[in-house]
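To start, the structure itself, in structure tokens.
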Amino acid sequence: MADWLHRSVAGLAPLEPGYRVIRVAPTLLDDLDDASACHETPYGRARAGWRRQGDQVYFHAEIPPNARAVVELPSGTRYEVGSGTHTWTEAHPRPLQERGRLTLRSILAEIIDDRQAYEAVLDAIHNIDEARSETFRRTTRWRRGRELREPLDKAPVTVLAAVEAALAALPSEHTAG
């Protein structure tokens, strides 16, 4: 697993034995905001990685002296660079995903994995009972198979109705992550 993260996700691997020529070919994952790796080569430390901010992804590579790199960005753009620190930026919006209808009977994992849905639930509770919202945020156990209604089982009907309405108002598509 660590090797896959190092070579594939962060994208740092030897292209020739001994890292004289380094391959930098990062793989973006929709649910990950950043990845980086470093490796001590016979020429010095090599680093590569990326960081997502909104729809922009910032890539970086540090190539040690007397080495060079072939960089292949997710867009397909290819660079050959020498030693030093290099950066690139590309637009990579997260893909849209279909959102099923969310209700109080939705599984908690569906809510916590959908940032917009989670925030809608918290905001709906907060607008009626600020203390209950904070308690929900701090104490809910996001265990497999539990429904959203379970941690809200003692909530007043007004809170339940507000949560249902907030979930119903969510758009049918959302961005991953």
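Rounded to whole numbers, the Karplus 3J(HN,Hα) couplings from phi for region 53-66 are 9, x, 8, 9, 10, 9, 9, 9, 8, 10, 10, x, x, 6 Hz, using 6.51 cos²θ - 1.76 cosθ + 1.60 with θ = phi - 60°, and x at Gly and Pro.
Available extension along the chain between residue 137 and residue 83 is 14.7 nm, counting 0.36 nm per residue and deducting the alpha carbon span. Rounded to the nearest 10 degrees, the inclination of helix 115-128 to the longest alpha-carbon principal axis of the chain is 30 degrees.
So in the chain, what percent of DSSP beta bridges are antiparallel if you round to the nearest 5? If I count the DSSP bridges inside the chain, around 90 percent turn out antiparallel. Figure legend: label point modelled 7 angstrom from the Cα of residue 33 along Cα→Cβ; residues of region 104-143 with amide N under 15 Å from it are 113-116, 119. Extending 7 Å from the Cα toward the beta-carbon at both residue 115 and residue 158 defines two label points whose distance is 3.1 nm. Taking the chain as the reference, fit the longest principal axis to its C-alpha atoms, fit the long axis of helix 157-168 to the helix C-alpha atoms, and give the angle between the two in degrees, 0 to 90, nearest 10. Approximately 40 degrees, to the nearest 10.
Here the spin labels are modelled as points 7 Å beyond Cα on the Cα-Cβ line, and at residue 40 and residue 21 they lie 2.7 nm apart. In this structure the chain gives 58 Å² per residue of accessible area when probed at 1.4 Å with all protein chains present. Relative contact order, whole percent, for region 92-144 stands at 36, derived from Cα pairs under 8 Å and 6 or more residues apart. Computed over the alpha-carbon atoms, region 51-90 gives an Rg to Rh ratio of 1.01, Rh here being the Kirkwood radius from the mean inverse distance. Within the accessible surface of region 34-117, defined with a 1.4 Å probe on protein heavy atoms only, the carbon and sulfur portion equals 45 percent. Among the listed values [x] 12.3; [y] 11.4; [z] 9.8, the one matching mean projected area of the Cα convex hull in nm² as calculated from this structure is [x].
Residue 19 sits among other residues whose Cβ lies under 11 Å from its own Cβ, and their net charge, with Lys and Arg +1 and Asp and Glu -1, is +2. Amide hydrogen proximity for residue 92: with H placed 1.01 Å from N in the peptide plane, the residues at 5 or more positions away or on another chain lying under 5 Å are 56, 57. Helical runs (DSSP H, four residues minimum) scored at -39500 (n - 2.57) apiece and divided by the length of the chain put the mean residue ellipticity at 222 nm at -7000 deg cm²/dmol. With contacts taken as Cα pairs under 8 Å at a separation of at least 6 residues, the chain carries a relative contact order of 18 percent.
The values are calculated or read from the model by the stated rules, or taken from the named source; none is laboratory data. None of the values given here were measured: they were computed from a predicted structure. Glycine also receives a Cβ, built like all others from the backbone with ideal geometry; neighbour counts cover every protein chain displayed. These accessible areas exclude ligands, DNA and RNA; they are computed on the full protein's heavy atoms, side chains included. Shrake-Rupley method; radii C 1.70, N 1.55, O 1.52, S 1.80 Å.
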